[in-house]
Structures are given as structure tokens and as C-alpha cells.
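First up is the structure itself, then whatever we jot down about it.
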């Protein structure tokens, strides 16, 4: 934990996900498939079925998804889950909603601009990509006394004890640098990545334009009325099981 602030104690919440590498512009549907392993029946939903359903509904031409709203409709139909469309960005009052959702063990689908190392950046939507977050690393002043155990190998890192009643920690306030990281996966890597929450928020909030290189590549894409700004900017999807109160 030497790379993290030593004046804080850290709590890692994580619902484990399998990885899947995308073929072509299927990052959103791959992220949905990964999220579906926490939501769908044990048999799972094949990626091919998600792609075909999206094509049949007119949401995509070749796997791309430029509408969070359409992603929510597809999730509800294909996975039989609850899908809450979050608008207005990941900051402000939505921040507490997102963190409580992740602490409860439910997945979050986020469009963002992807840098060369797959991390969030700001390219006006030219590198629009999707990730799924199923965990959060919180830096807090104190760990609640009930329901957490310290990692035997990393002093200062705590994990919630499964199937145990626990108190929720105080969620770090917005503007506390380095205090909140999202644990995320996306379709171009087998591995989890830890992303600073504010960087994800800022990347998500500036998705405004369709990539000129995509516009000139001769392929068909389904982009909603109002473009990338209307379909992706400042939006995310909170997914939870049908019977969940979260």
C-alpha cells in the first residue's frame, strides 16, 4: 500500500468478475456480459446473444453502443435485471449513489475516453470506450469496528467479512484527492485496473463528439439523435438484480 496515502486506512470492496477480450467495437456489450455474470441466471448469457439482440433492436450495427439508455433497455431485457440510468455525471449528488451501489456489490457500466493504457483520459469522445466497475477502494479516516478484517499481507488494507453484518464506512467527500478508486475491467485487458474516481468522472463528463477517424472509416455506426453528447455524456448505468433494494 506504499503508493497510497499513509494517513488513511483503506477498505476494498470487490465483486469478482471474469474477463473477456472484445473482438471489434464490442466494448460496451463485453462490459455488459461481464456485469451479467453477477446478474444473470447461472447459465449466463452468451455474448453472441447480446450482440444479436442489440442488432435486432437497432441499438448497434456491429457491436458499438453509443447510447447508455439503449444499453439499459438491453440489460433489462437480456439479463432480467434492474437498470438505473444515471444522468448529470458521476459527481455531486450522484457520487454517493454510485459509491453505495458499488459497496453493495452491484456493477456499474461507465462510458469514458480510453487512453493508450486503457485508463480514463479526455479526448472529447474520440476514444469513447466502456468499462464495468464492480468494486471500490475507499480511503477513510477510520474503519468501522464491525464486519471488517485487515489484510494479513498489507497492513492498513481492510476487507469486508463475507456474510457478516457490518457498518458502512463514512464515504470520503468529493474533492478528497486519492481517496476513492474504482476497480474496473474493460474489453482490452484481462486485468483489473484501479482508477481515480475523479478522473473517471471527468472523462465521462466530456464525451461530446464522434471520432473523425471512425466517421471516415466507411463502416456503419448507430449513433443516437443528438450524437455522442446525447447518448453518452455524463451518463452511466447502475445494474442490480431484480429483487435488489439497491
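Can you tell me which residue is farthest from residue 143 (Cα to Cα) among those in segment 30-46 that are assigned to a helix (DSSP H, G or I) and touching a residue at least 60 places away in the same chain (Cβ under 8 Å)?
As a first pass, look at segment 30-46 and keep what is assigned to a helix (DSSP H, G or I): 30-36.
Cutting the leftovers down to touching a residue at least 60 places away in the same chain (Cβ under 8 Å) gives us 30-32, 34-35.
On the way: 30: 35, 31: 31, 32: 32, 34: 30, 35: 28 Å.
Filtering segment 30-46 for residues that are assigned to a helix (DSSP H, G or I) and touching a residue at least 60 places away in the same chain (Cβ under 8 Å), the one farthest from residue 143 (Cα to Cα) comes out as 30.
(1) out of contact with any helix residue (DSSP H, G or I) (no Cβ under 6 Å at 6 or more places or on another chain); (2) farther than 30 Å from residue 141 by Cβ; (3) modelled with pLDDT under 95: which one isn't true of residue 22, the others all being true?
Here residue 22 meets the rest and fails (1).
So, in segment 151-175, of the ones that are in contact (Cβ under 8 Å) with a residue 24 or more places away in the chain and touching a helix residue (DSSP H, G or I) at 6+ places or on another chain (Cβ under 9 Å), which residue ends up surrounded by the fewest Cβ atoms within 10 Å (Cβ to Cβ)?
If we take residues in segment 151-175 being in contact (Cβ under 8 Å) with a residue 24 or more places away in the chain and touching a helix residue (DSSP H, G or I) at 6+ places or on another chain (Cβ under 9 Å), then 168 is surrounded by the fewest Cβ atoms within 10 Å (Cβ to Cβ).
Hey, residue 75 hits all of (1) touching a residue at least 24 places away in the same chain (Cβ under 8 Å); (2) within 19 Å of the chain's Cα centre (by Cα); (3) part of a loop (DSSP other than H, G, I, E, B) but one; which does it fall short on?
Exception for residue 75: condition (3).
Return the only residue of 143, 200, 228, 136 being assigned to a loop (DSSP other than H, G, I, E, B) and in contact (Cβ under 8 Å) with a residue 60 or more places away in the chain. Show your work before the answer.
Details: 200 fails: assigned to a loop (DSSP other than H, G, I, E, B); 228 fails: assigned to a loop (DSSP other than H, G, I, E, B); 136 fails: assigned to a loop (DSSP other than H, G, I, E, B).
Matching residue, one of 143, 200, 228, 136: 143.
Scan (1) assigned to a loop (DSSP other than H, G, I, E, B); (2) at pLDDT 95 or above; (3) surrounded by fewer than 19 Cβ atoms within 10 Å (Cβ to Cβ); (4) touching a strand residue (DSSP E or B) at 6+ places or on another chain (Cβ under 9 Å) for the single condition residue 88 breaks and write down its number.
For residue 88, the failing item is (4).
The values are calculated or read from the model by the stated rules, or taken from the named source; none is laboratory data. What you are looking at is a predicted structure, and each value in this text was computed from that prediction instead of being measured. Every residue, glycine as well, gets a Cβ built from its backbone with ideal geometry; the counts of neighbours run over all protein chains shown.
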